[in-house]
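The values are calculated or read from the model by the stated rules, or taken from the named source; none is laboratory data. The shown structure was predicted, so the numbers you read here are calculated from the model rather than taken from an experiment. All Cβ positions, even for glycine, are placed from backbone atoms using ideal geometry, and neighbour counts span all protein chains on display.
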Amino acid sequence: ATLPLISSIPDLKDHTILVLRKAMFSRDTNHRTLAIKCFMHMIMSETSSRGFESERFASCSQPSESQCHSRSSMDDIVQDLLGFLRRGMKQQYALRQALYNGFLKLASFQPKLVRNILE
């Protein structure tokens, strides 16, 4: 319910990411699983709201430089979130299972992310 708000307010997005990163180091497995699911929803929201370029240095189709910058910063956020989720592959079985299921949903939702997920 708060994803559109998180996408539009950068400070709220940064704070949410910080809280979710802290939740990934919680002792409670449920907190870590919830953080994984929230990260997945954030990635889906980021990629669906403004589009996603799978190539890191792809040329921007919009003429405005500010639009190119916002797209590249969004790509950076998605890359950071995927990188953080990859670190979760060293967690317990239940968390790895949630990650695999989430990566599968991400790949089917946004096929351009497949290369980035498999890195």
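Residue count for segment 85-119 under the criterion of being assigned to a loop (DSSP other than H, G, I, E, B) and touching a Leu at 6+ places or on another chain (Cβ under 9 Å): the result is 2. Counting the residues of segment 67-82 that are at pLDDT 80 or above and in contact with a helix residue (DSSP H, G or I) (Cβ under 9 Å, 6 or more places away or on another chain) gives 6. Within segment 1-48, restricting attention to residues that are touching a residue at least 40 places away in the same chain (Cβ under 8 Å) and charged (D, E, K, R), the residue that is farthest from Phe103 (Cα to Cα) is Lys13.
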